Structure formats: structure tokens, C-alpha cells
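S.K.: First, the structure itself, so that you have it in front of you.
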Amino acid sequence: MTAFFQSLGLPFEAAWLLSTIIGILLIALPLMLAVAMIIYVDRKIWAAMALRRGPNVVGPFGLLQSFADGAKVFLQETIIP
């Protein structure tokens, strides 16, 4: 992939950096999507078992629920004993 970016006229360092970033994203994005899908399905299953409606309040079909959970954890006050 580095050779491809070098053929476009990029210097070696920029081509290497770009190909490394793309390689990392090609590995990380499917994993993050799989985790988000597993969390969504898990919430739907637990909601069905408890006879609740499920995570459909945040965003369309509840797809933004994981982001809301992350924001909640990030904004929680840190308690130092």
C-alpha cells in the first residue's frame, strides 16, 4: 500500500504514515462495529426477557445508546477516597 501512495507522488514517510493509519482503521473499525452490534443485540434480548421495550430512546432504533453510555461514564464525577 505504501508503494501505491508513493506512486501518487507522496514522499515515503507520508505514504508509510497514511498506509499505517488505513491499516489500523481496517482492523479497528470492524471490531468496533461488531462490539456495538453485540451490545445492541444484548440490550434487545435482555429487554425482551424483562418484557420491556428496549433501548429505542436514544437515536433511531436506539443505535446511539452506546454513545450515550460512554458520555455518561465520561461525565461522571470522580470520587477520590
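The values are calculated or read from the model by the stated rules, or taken from the named source; none is laboratory data. The model shown is predicted, which means the values in this text are computed figures rather than measured ones. Cβ: placed from backbone, ideal geometry, glycine included. Neighbour counts: every protein chain shown.
S.K.: Within segment 69-78, does at least one residue satisfy the condition of being among the aromatic types (Phe, Trp, Tyr), in contact with a helix residue (DSSP H, G or I) (Cβ under 9 Å, 6 or more places away or on another chain) and either more than 30 Å from Met1 (Cα to Cα) or surrounded by 10 or more Cβ atoms within 10 Å (Cβ to Cβ) (or both)?
M.R.: Keep residues of segment 69-78 that are among the aromatic types (Phe, Trp, Tyr), which gives 74.
Filter once more, keeping what is in contact with a helix residue (DSSP H, G or I) (Cβ under 9 Å, 6 or more places away or on another chain): none.
Scanning segment 69-78 turns up no residue that is among the aromatic types (Phe, Trp, Tyr), in contact with a helix residue (DSSP H, G or I) (Cβ under 9 Å, 6 or more places away or on another chain) and either more than 30 Å from Met1 (Cα to Cα) or surrounded by 10 or more Cβ atoms within 10 Å (Cβ to Cβ) (or both).
S.K.: Right, another one. When you look at Leu25, is it within 13 Å of the chain's Cα centre (by Cα), at pLDDT 80 or above and surrounded by fewer than 10 Cβ atoms within 10 Å (Cβ to Cβ), yes or no?
M.R.: Spelling it out, it is not the case that Leu25 is within 13 Å of the chain's Cα centre (by Cα), at pLDDT 80 or above and surrounded by fewer than 10 Cβ atoms within 10 Å (Cβ to Cβ).
S.K.: Taking the condition free of Cβ contacts under 8 Å to residues at least 12 places away in the same chain and surrounded by 10 or more Cβ atoms within 10 Å (Cβ to Cβ), does Met1 pass? Step through it out loud before you land on a result.
M.R.: Values: free of Cβ contacts under 8 Å to residues at least 12 places away in the same chain: no; surrounded by 10 or more Cβ atoms within 10 Å (Cβ to Cβ): yes.
No, not satisfied.
S.K.: So, in segment 41-81, how many residues would count as being assigned to a loop (DSSP other than H, G, I, E, B), among the polar types (S, T, N, Q) and modelled with pLDDT of 80 or more? Even if it seems obvious, please write down each step before you answer.
M.R.: First pass over segment 41-81, keeping only residues assigned to a loop (DSSP other than H, G, I, E, B): 50-59, 63-64, 76-81.
Filter once more, keeping what is among the polar types (S, T, N, Q): 56, 76, 78.
Applying the additional criterion that residues be modelled with pLDDT of 80 or more yields 76.
The qualifying residues number 1.
S.K.: Those residues that are closer than 30 Å to Met1 by Cβ and in contact with a helix residue (DSSP H, G or I) (Cβ under 9 Å, 6 or more places away or on another chain), I need them from segment 25-68; list them, please.
M.R.: Passing the criteria: Val35, Ala36.
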